[in-house]
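Take a look at the structure set out below.
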């Protein structure tokens, strides 16, 4: 059994492997949220004050070139409300611009949406490197019941209803087993100070 979380021994050996990182070309891609951590910002920045709550969200993006993961920070600050709106619209929670909205954070992991990726160039140890970054979250076919990259989703009717997480990956129009259902949400949504 291959357990990627298995610990290695300091004095033992391991099987050498290449990095599984895939750099995708800039463009629009479907994603699935595979992880989320609630964090508090603590670092030097002129844009973000210390103590700002944020969600660090991990996205898995699959394309013909391969599969990659991208982490994105979404800050819970008024000046970043537009990004929160984009993200929750993309995953089907659909806030209405100009209306109060309470995100259902418990339903984020396992959600599907679309994003516009860019290729980011940076320096590390004097060497030029590249990775993918999310430029913006998009509304579109993934949230309107259209098959996109092998997955079918159903639109969410309103925030109070439970989304349909019984969707199955589609391959040659035959449902496959094994799609993990996320944990059921707790009562209530995001409340200031609870992050």
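Annotations for the structure displayed:
- Residue satisfying all of: in region 50-62; over 15 Å from the mean Cα position of the chain (by Cα) and without any contact (Cβ under 8 Å) to a residue 40 or more places away in the chain; surrounded by the fewest Cβ atoms within 10 Å (Cβ to Cβ) among these: 51
- Any hit, region 115-128, residues being surrounded by fewer than 16 Cβ atoms within 10 Å (Cβ to Cβ), at pLDDT 95 or above and closer than 14 Å to residue 30 by Cβ: yes
- Residues satisfying the stated conditions in region 92-112, i.e. in contact with a strand residue (DSSP E or B) (Cβ under 6 Å, 6 or more places away or on another chain), farther than 23 Å from residue 48 by Cβ and buried (at least 20 other Cβ atoms within 10 Å of the Cβ): 111, 112
- Hits in region 121-141 - residues which are under 17 Å from residue 74 (Cβ atoms) and in contact with a strand residue (DSSP E or B) (Cβ under 6 Å, 6 or more places away or on another chain): 132, 133, 134, 135, 136, 137, 138
- Qualifying residue in region 69-81 (condition: within 14 Å of residue 56 (Cα to Cα), touching a helix residue (DSSP H, G or I) at 6+ places or on another chain (Cβ under 8 Å) and free of Cβ contacts under 8 Å to residues at least 40 places away in the same chain): yes
The values are calculated or read from the model by the stated rules, or taken from the named source; none is laboratory data. Keep in mind it's a predicted model, so treat the numbers as computed, not measured. Here Cβ is always computed from backbone atoms with ideal geometry, including for glycine, and neighbour counts include all displayed protein chains.
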